[in-house]
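*Asks:* Sharing a structure with you now.
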């Protein structure tokens, strides 16, 4: 069975990652969303193993010590991490795995999974990012300013990624991410068994 591909998607808050990925998953039924582990309590309607793996602090730190996370971070006094075992199992089963993580987390994953495909989702302009965050109406001005400060640093890391998708028009951004997934699946490296078979077939014909 051919292993799946690992895609890591990052971008500043307000860039539209969630909206893009919602459609990308519909267009790519072979893709699976990476389930993170967290020390926070489940919210109403959240299911363990589906939305998150809900674990306590002792379990979390045990996993950190055993290097069982591809990346982890502390967010709003709770800990979040991407379990390496879940990702590897998904890939071994032949499914593509998509991580939606912040830039800090992606930089950690790059050290452990350099073969993964890294995609940065960005707004067309920084001013547009500010406009989107304010229009969402989910955060107060202090949080918005904090997210914008974080975005300034995140945008300086674009060159660390393999691809840049500018979300100026939603449908175009969705098409761009889908195109990247299709292109990577057709790469010579990923198609190595098929390429080898075709070459051997031609070589065998030449011997007749």
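The values are calculated or read from the model by the stated rules, or taken from the named source; none is laboratory data. Keep in mind the model is a prediction, meaning the values are calculated, not measured. Glycine also receives a Cβ, built like all others from the backbone with ideal geometry; neighbour counts cover every protein chain displayed.
*Asks:* Which ones in region 178-193 are surrounded by 12 or more Cβ atoms within 10 Å (Cβ to Cβ) and either in contact with a strand residue (DSSP E or B) (Cβ under 9 Å, 6 or more places away or on another chain) or not in a loop (DSSP other than H, G, I, E, B) (or both)?
*Replies:* 178, 179, 180, 181, 183, 184, 185
*Asks:* Need pairs with beta-carbon distance below 9 Å; first residue on the phi < 0 side of the Ramachandran plot and within region 192-203, second modelled with pLDDT under 90 and not in a helix (DSSP H, G or I); sequence gap 6+ or separate chains.
*Replies:* 193/2
*Asks:* Does residue 2 fit the bill of being closer than 20 Å to residue 190 by Cα and in contact with a helix residue (DSSP H, G or I) (Cβ under 9 Å, 6 or more places away or on another chain)? If you could, list the steps in order and put the result at the bottom.
*Replies:* Working: closer than 20 Å to residue 190 by Cα: yes; in contact with a helix residue (DSSP H, G or I) (Cβ under 9 Å, 6 or more places away or on another chain): yes.
Yes.
*Asks:* Take the residues of region 112-125 that are touching a strand residue (DSSP E or B) at 6+ places or on another chain (Cβ under 9 Å) and more than 23 Å from residue 172 (Cβ to Cβ): which is surrounded by the fewest Cβ atoms within 10 Å (Cβ to Cβ)? Please lay out each step first, then the result.
*Replies:* So in region 112-125, the residues touching a strand residue (DSSP E or B) at 6+ places or on another chain (Cβ under 9 Å) come out as 112-113, 115-124.
Going one step further and asking which of them are more than 23 Å from residue 172 (Cβ to Cβ), we end up with 112-113, 115-116.
Working: 112: 14, 113: 20, 115: 7, 116: 21.
Out of the qualifying residues, it is 115.
*Asks:* Is region 163-174 home to any residue that is surrounded by 14 or more Cβ atoms within 10 Å (Cβ to Cβ), assigned to a helix (DSSP H, G or I), at pLDDT 90 or above and in contact with a strand residue (DSSP E or B) (Cβ under 6 Å, 6 or more places away or on another chain)?
*Replies:* Yes.
*Asks:* Could you list, in sequence order, the residues of region 34-49 that are in contact with a strand residue (DSSP E or B) (Cβ under 9 Å, 6 or more places away or on another chain) and part of a loop (DSSP other than H, G, I, E, B)? I'd like the intermediate steps shown before the answer.
*Replies:* Within region 34-49, the first condition is being in contact with a strand residue (DSSP E or B) (Cβ under 9 Å, 6 or more places away or on another chain), and the residues that meet it are 34-42, 46, 48.
Across region 34-49, the qualifying residues are 34, 35, 39, 40, 41, 42, 46.
*Asks:* Now for a different question. Give the residues of region 99-131 that are touching a residue at least 60 places away in the same chain (Cβ under 8 Å) and farther than 30 Å from residue 145 by Cβ, sorted by residue number.
*Replies:* Correct list: 113, 115, 116, 117.
*Asks:* Is there a residue in region 14-29 that is over 23 Å from residue 166 (Cβ atoms) and either surrounded by 14 or more Cβ atoms within 10 Å (Cβ to Cβ) or within 17 Å of the chain's Cα centre (by Cα) (or both)?
*Replies:* Of the residues in region 14-29, the ones over 23 Å from residue 166 (Cβ atoms) are 29.
Cutting the leftovers down to either surrounded by 14 or more Cβ atoms within 10 Å (Cβ to Cβ) or within 17 Å of the chain's Cα centre (by Cα) (or both) gives us 29.
Yes, region 14-29 has at least one match.
*Asks:* Which of the residues belonging to region 135-159 are assigned to a helix (DSSP H, G or I), surrounded by 14 or more Cβ atoms within 10 Å (Cβ to Cβ) and in contact with a helix residue (DSSP H, G or I) (Cβ under 8 Å, 6 or more places away or on another chain)?
*Replies:* Once the filter is applied, which keeps residues that are assigned to a helix (DSSP H, G or I), surrounded by 14 or more Cβ atoms within 10 Å (Cβ to Cβ) and in contact with a helix residue (DSSP H, G or I) (Cβ under 8 Å, 6 or more places away or on another chain), region 135-159 yields 144, 147, 148, 151, 154, 155.
*Asks:* Still on this model: So, in region 1-31, how many residues would count as being outside any helix (DSSP H, G or I) and either over 21 Å from residue 157 (Cα atoms) or free of Cβ contacts under 8 Å to residues at least 12 places away in the same chain (or both)?
*Replies:* Here is the first cut: in region 1-31, the residues outside any helix (DSSP H, G or I) are 1-16, 28-31.
Those still in the list that are either over 21 Å from residue 157 (Cα atoms) or free of Cβ contacts under 8 Å to residues at least 12 places away in the same chain (or both) too: 1-5, 28-31.
Number satisfying all stated conditions: 9.
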